[in-house]
Amino acid sequence: MISPIHKYKQIDRNYVFKRKFKKGLEVALSRDESVKRDAVLATGEVSGVKSRLDLASTLGVKSLDVQKYLLCIQGERINRGDAIAFRRSGVLKKEVRVQAPSSGIVSLTQIKEGILKILDFAKESTISVGVGGRVVSVIRNKYVSIRTEVVKVFPFEVLGRSIQGEILFVKDGRNEEVENLNGSIVIIESTNVDLGFLRNLEMNGAKGVILGGLPFSIYQDFRKKSSAYFTLCLLEGFGDLTINPKLIDLLRKNDGYLAQLDSRSNELFLTFTKGAETESDDRIVTRLRKKMTVKIFDDQFWGEYGQIQEILGEYAKVQIAKNRIVDINVNNLFVII
């Protein structure tokens with residue numbers, strides 16, 4: 001079912017986009033500077049999330065009670081296999097032990113939501129601007145404001161906190177495997193969505209999800225059980241609604257580009273770069289993913305096509321023949337439109 005067509009977009013050519021970044025990074029931009037979307041925004045040490053654990057579900061308790069069963073503290077360094085939570089039920093005296101799936105540093109910033117995170121040890125990282133335009137202001141340890149052109153979309157509802165992330169399409173809300181979503185905003189085209197799948201998206205690193213609609217009963221469950229850190233955007237309304245076909249075309253043009261969901265103004269901001277502004281007919285990759293088909297712009301393999309098998313820091317393993325895999329710098333790989 002497709003909801004009635006409604007006015008859903010407008011162009012804002014003077015929008016001030018606040019590009020947020022983690023504290024402690026050194027900003028590489030200055031006020032009034034003109035920047036391209038792939039320019040360096042900031043550098044420094046960043047602790048990425050290695051694992052997320054839904055302890056409330058695993059322990060079988062309410063989110064607010066999870067802290068009673070923790071065996072670790074904020075900032076503690078743990079090894080894979082270390083005990084991080086323990087619970088013994090009162091009736092059958094059944095014991096539930098939770099072990100760390102990876103080594104790293106404990107983060108309890110979402111523990112009130114029932115979620116424990118294990119952070120990787122800090123590594124040097126470079127953050128790109130993500131939008132082209134002119135720098136308006138630089139706010140230390142918070143964000144850089146950039147005046148740019150955006151497309152405003154007006155959803156039915158945006159529930160949660162305001163977020164930024166790169167758009168990623170997922171076809172099937174129930175059957176498709178999802179992994180390593182890395183701070184993305186996921187778009188689901190189908191209507192086959194339940195609360196468990198939404199929770200799974202968050203556990204795999206997604207910041208939020210965009211879909212046509214949800215049955216009102218699932219929407220109510222989401223409001224009660226899901227984390228406040230995960231944002232839900234309904235474009236059409238309540239019910240098994242797909243996204244308007246005209247809007248799907250617009251969203252597809254933004255696949256892999258930075259977007260922003262604003263829950264305060266109930267708006268979606270798309271910041272894609274037009275084809276004429278790129279160096280070739282191929283779109284520049286901003287976030288590589290496994291199984292992407294890419295074109296190689298490297299001296300040795302210039303012009304060849306392949307499929308990404310693995311991403312290791314600045315390099316990706318690309319299969320260019322049945323039994324041949326080569327290492328290519330991510331800056332020399334382009335997604336095929």
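Worth a mention:
- Checking every residue in the stretch 310-330 against the condition of being loosely packed, with under 14 Cβ neighbours inside 10 Å, touching an Asp or Glu at 6+ places or on another chain (Cβ under 7 Å) and either on the phi < 0 side of the Ramachandran plot or modelled with pLDDT under 85 (or both) gives at least one match.
- For the stretch 133-155, filtered to residues that are assigned to a loop (DSSP other than H, G, I, E, B) and under 21 Å from the mean Cα position of the chain (by Cα), the residue that is farthest from Lys225 (Cα to Cα) is Asn141.
- For the stretch 106-132, the set of residues classified as in a strand (DSSP E or B) and either acidic (Asp, Glu) or more than 30 Å from Leu312 (Cβ to Cβ) (or both) consists of Glu124 only.
- Pairs where the first residue, in the stretch 56-85, is assigned by TED's automatic domain parsing to the domain that holds Gly196 and the second is modelled with pLDDT of 90 or more and of a type outside the set (Val, Ile, Thr), C-beta under 9 Å, 6+ apart: none
- Given (1) within 27 Å of Val46 (Cβ to Cβ); (2) loosely packed, with under 15 Cβ neighbours inside 10 Å; (3) of a type in the set (A, V, I, L, M), index of the condition Val106 fails: (2)
- Subset of the stretch 182-197 that is modelled with pLDDT of 80 or more and within 11 Å of the chain's Cα centre (by Cα) - its residue that is surrounded by the fewest Cβ atoms within 10 Å (Cβ to Cβ): Gly183
- In the stretch 58-95, the residues that are within 27 Å of the chain's Cα centre (by Cα), surrounded by 15 or more Cβ atoms within 10 Å (Cβ to Cβ) and part of a strand (DSSP E or B): Ile78, Ile84
- Odd one out for Val98 among (1) in contact with an Asp or Glu (Cβ under 9 Å, 6 or more places away or on another chain); (2) modelled with pLDDT of 90 or more; (3) in a strand (DSSP E or B): (1)
- Test: Val285 is at pLDDT 75 or above and not acidic (Asp, Glu): no
- Any chance Lys207 is without any contact (Cβ under 8 Å) to a residue 12 or more places away in the chain, assigned by TED's automatic domain parsing to the domain that holds Ser263 and closer than 18 Å to Ile111 by Cα: no
- Complete set of residues in the stretch 198-252 that are of a type in the set (D, E, K, R), crowded, with 21+ Cβ neighbours inside 10 Å and within 24 Å of Gly60 (Cα to Cα): Glu202
- Qualifying residue in the stretch 127-148 (condition: aromatic (Phe, Trp, Tyr) and closer than 29 Å to Cys72 by Cα): no
- Filter result for Phe238 (on the phi < 0 side of the Ramachandran plot and modelled with pLDDT under 85): no
- Leading residue by the ranking (modelled with the highest pLDDT) among those in the stretch 158-181 that are of a type in the set (D, E, K, R) and surrounded by fewer than 17 Cβ atoms within 10 Å (Cβ to Cβ): Arg161
- Checking Lys22, Lys94, Lys36, Lys123 one by one, the residue that is out of contact with any Pro (no Cβ under 8 Å at 6 or more places or on another chain), of a type in the set (Lys, Arg) and within 24 Å of Leu201 (Cα to Cα) is Lys22 and no other.
The values are calculated or read from the model by the stated rules, or taken from the named source; none is laboratory data. Remember, predicted model here, so these are calculated numbers, not experimental data. Virtual Cβ from ideal backbone geometry, glycine too; neighbours counted across all protein chains shown.
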